[in-house]
Amino acid sequence: MTRHRSGVSPALATWTALALCCALPSAAWAEALPEALAKAYQTNPQLNAERARQRATDENVPQALAGYRPQIVASLSAGLQSVRNLLPDNTIQTGNLKPWIIGVTVTQTLFNGFRTANNVRAAELQVQSGREALRNVGQGVLLDAVTAYTNVLANQSLVEAQRSNVAFLRETLSVTQRRLNAGDVTPTDSAQAEARLNRGLADLNAAEVALAISQATYAQVIGNAPSQLRVAEAVDRYLPKSREDAMTMAIRQHPAVMAAGFDVDVASTNIRIAEGTLLPSATIQGSASKSRNNDPTLGTFAEDQASIVANITAPIYDGGQAAAQTRQAKEITAQSRLVLDQVRNQARTAAVSAWVANEGAKITVSASESEVKAATVALQGVQREAAGGQRTTVDVLNSQADLIQAKARLIGANRDRVIASYTLLSAIGHLDVKTLSLNTPDYLPEVHYHQVRDAWHGLRTPSGQ
């Protein structure tokens, strides 16, 4: 694409001119695209919900690590017991006992077929997969924000273009009616001008409706209603140089591909967890208890106990449950590998599609700019010829219709150009806060992970809930 000496592309310059027409004379631009993206990154409910899901996933790791730690259980029981004893001399002794027992038991697992170690590894891999899923959702939210922003900007420009068109058609109708009164044109010319004006009013209404819808979508995605928006620019400086580079980056760095890779590792680890149930397990258990039976007529009976017991168990036959679970885990692993291949193919296809769409958008913008320039010159020529009697009113109206359609196509082309560049950035897995240098802190899921990983107790979350 050619550029002016100032370094601004003709597409950007043209869209800037169209967007400037949308602003009121005294309005100041208030929100640029990076600012809107930062707001969406901070406040979007979908993204915040995914962050909460990831924090919940982090808790799987301390749950798995609990298998390394001792389990301590305290017990207390008390009651009322009625006793009737028949003694050898045929006398009967009765009484009401009030027994109570208090004890504590400590159990430590020494070996369980490596299931604890594998559970920890599986939980850590789930955390890694969840982080990539979170990153993928973040890309989707940012791309939705770009789409919402550019749609509002484009629809504002389209509304102003349609308003200009309506003003032109009103003036044309007024001129035609004056010429009709002077006998220069026929009533047909006046009817044609009136028909085009009504069509223009309908087009303006449709553009205003589309603008209202895009503004509502903007508020949903960004978190606030749009005010004055600045012209959005493409992000070509962050994009790969060739289609092959885009495909390579997509299949290696896209978060969906990386998440699927971690899912394969989780499934493989689950095979070892299932196989671990077939191995022996060993535990050591220590306990201490104190019991009392107290009755004034029968005397007092007390018992204090303490014990340390080692247990070793080995499964012999469980009805085939463990074997079935192992076979199931192997099939799930095979499925995960196939899903990984599918996700890679999808990422490759998405990268190629995004690359082609981005390159095509550049060409469309250039062609639309040339169309607008030619249509503007054509309209000016037709107006001069009509004033000289060489063209009819319908010729002027048709030329104006061609111009407004060309402007609408240029507005849409510039919008598609920006969205296509961000879509390509998302397809290679780089649509994030760091790459775009957004003025907002990056959400770091590992912070919460390290806060809870080695927590032995506590019911409150790190956020205080």
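The values are calculated or read from the model by the stated rules, or taken from the named source; none is laboratory data. Model, not experiment: these values are computed from the prediction. Glycine also receives a Cβ, built like all others from the backbone with ideal geometry; neighbour counts cover every protein chain displayed. Accessible surface areas use protein heavy atoms only, side chains included; no ligands, DNA or RNA. Shrake-Rupley method; radii C 1.70, N 1.55, O 1.52, S 1.80 Å.
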Study note, to complete from the structure: Counting only residues that are in contact with an Asp or Glu (Cβ under 9 Å, 6 or more places away or on another chain) and under 29 Å from N155 (Cα atoms), region 375-395 contains a total of 6
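If I filter region 408-431 for residues that are over 25 Å from L143 (Cα atoms) and open to solvent by 20 Å² or more (accessible area, probe 1.4 Å), do I get at least one hit? Walk me through how you get there before you give the answer.
Keep residues of region 408-431 that are over 25 Å from L143 (Cα atoms), which gives none.
Within region 408-431, none of the residues are over 25 Å from L143 (Cα atoms) and open to solvent by 20 Å² or more (accessible area, probe 1.4 Å).
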**Study point:** Output for region 208-256, where each listed residue is under 17 Å from L153 (Cβ atoms) and not in a helix (DSSP H, G or I)
**Key:** N224, A225, P226, S227, Q228, L229, R230, V231, A232, E233, A234, V235
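Considering only residues that are within 18 Å of A350 (Cβ to Cβ) and open to solvent by 40 Å² or more (accessible area, probe 1.4 Å), which ones fall in region 230-240?
Of the residues in region 230-240, the ones within 18 Å of A350 (Cβ to Cβ) are 235, 238-240.
If the condition is that a residue be within 18 Å of A350 (Cβ to Cβ) and open to solvent by 40 Å² or more (accessible area, probe 1.4 Å), then Y238 is the only one that fits.
Here is a yes/no grid of residues against (1) outside the structural domain of G360 (by the TED database); (2) open to solvent by less than 40 Å² (accessible area, probe 1.4 Å); (3) touching a Pro at 6+ places or on another chain (Cβ under 7 Å); (4) of a type in the set (V, I, T):
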residue: T186; (1), (2), (3), (4): no, no, no, yes
residue: L197; (1), (2), (3), (4): no, yes, no, no
residue: G200; (1), (2), (3), (4): no, yes, no, no
residue: L211; (1), (2), (3), (4): no, yes, no, no
residue: Q228; (1), (2), (3), (4): no, no, no, no
residue: R243; (1), (2), (3), (4): no, no, no, no
residue: M249; (1), (2), (3), (4): no, no, yes, no
Practice item. Keeping to region 374-386, report how many residues are without any contact (Cβ under 8 Å) to a residue 24 or more places away in the chain and surrounded by 14 or more Cβ atoms within 10 Å (Cβ to Cβ). Key: 4
Practice item. State which residue pairs qualify: first residue at pLDDT 95 or above and inside region 337-362, second residue hydroxyl-bearing (S, T, Y) and in a helix (DSSP H, G or I) in any location, beta carbons under 7 Å apart, and separation of 6 or more residues or different chains. Key: A354/T423; A357/T423; N358/S421
**Study point:** Filter pass, R327 being closer than 26 Å to S242 by Cβ and assigned by the TED database to the domain that holds K241
**Key:** no
Revision key, fill the gap. Of the listed residues (N155, N181), the one being open to solvent by less than 60 Å² (accessible area, probe 1.4 Å), in a helix (DSSP H, G or I) and in the same structural domain as Y449 (by the TED database) is N155
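So in region 69-97, with the set limited to residues that are modelled with pLDDT under 90 and surrounded by 13 or more Cβ atoms within 10 Å (Cβ to Cβ), which one is farthest from G286 (Cα to Cα)? Spell out how you get there, then give the answer.
Looking only at region 69-97, we keep the residues that are modelled with pLDDT under 90, and these are 78-97.
Narrowing the set further to residues that are surrounded by 13 or more Cβ atoms within 10 Å (Cβ to Cβ) leaves 83, 95, 97.
Values: V83: 32, G95: 35, L97: 29 Å.
For region 69-97, the residue satisfying everything is G95.
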